[in-house]
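Handing you this structure, nothing more for now.
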Amino acid sequence: MLPETRHSLIGRLKSADDLAAWERFVSTYHNTIVGYCRNHGLQEEDAYDVAQEVYIALLKAIEKWQ
């Protein structure tokens, strides 16, 4: 089951400088992302790399979200 994300947190992520929002997002979703990757056969280190790529992709795409 995915954690619930508040709309206010998503809105705050639009600011790359809002470290508290990004820390909250990562602390909420990191284990879910890594767990998903591990359940699909990735080694732990590779799963962490995928999580980093997810955060980067989110940072690049979020400014377009409405």
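The values are calculated or read from the model by the stated rules, or taken from the named source; none is laboratory data. Predicted, not measured: the structure shown is a model, and the values here were computed from it. Positions of Cβ are generated from backbone atoms using ideal geometry, with glycine treated the same way; all protein chains shown enter the neighbour counts. All accessible areas refer to the heavy atoms of the entire protein, side chains included, with ligands and DNA or RNA removed. Shrake-Rupley method; radii C 1.70, N 1.55, O 1.52, S 1.80 Å.
Leaving out ligands, DNA and RNA, and with a 1.4 Å probe, what % of the accessible surface on the stretch 13-64 is carbon or sulfur?
Solvent-exposed carbon and sulfur of the stretch 13-64 make up 51 percent of the total.
I've got another one for you. Restrict the search to the chain; then list the GluC sites (Glu not before Pro) that DSSP places in a loop and that have at most 14 other Cβ atoms within 10 Å of their Cβ.
Hits after loop and neighbour filter: GLU4.
Find out how many positive minus negative residues lie around VAL26, taking Lys and Arg as positive, Asp and Glu as negative, among other residues whose Cβ is under 14 Å from that of VAL26.
-1
Please give the net charge around VAL50, taking every other residue with its beta carbon less than 14 angstrom from that of VAL50, where Lys and Arg add +1 and Asp and Glu add -1.
-4
Between the helical axis of 19-39 and the dominant principal axis of the chain, each derived from Cα atoms, what acute angle in degrees is found, rounded to the nearest 10?
So the inclination is approximately 30 degrees.
A further question follows. Among HIS7, HIS40, HIS30, what's the order by accessible area (1.4 angstrom probe), most exposed first?
Correct descending sequence by accessible area is HIS7, HIS40, HIS30.
Kindly report, to the nearest 10 Å², the accessible surface of ILE10 as traced by a 1.4 Å probe over protein heavy atoms only.
Rounded to the nearest 10, the figure is 50 Å².
Can I ask one more? Out of every Cα pair in the chain, what percent are spaced more than 15 Å from each other?
Pairs farther apart than 15 Å: 54 percent.
Related question: Taking only Cα atoms, what is the 0 to 90° angle, nearest 10, from helix 44-61's long axis to the longest principal axis of the chain?
Roughly 20 degrees, rounded to the nearest 10.
Looking at the chain, which chymotrypsin sites (Phe, Trp or Tyr not before Pro) are in a loop (DSSP not H, G, I, E or B) and have at most 12 other Cβ atoms within 10 Å?
Hits after loop and neighbour filter: TRP65.
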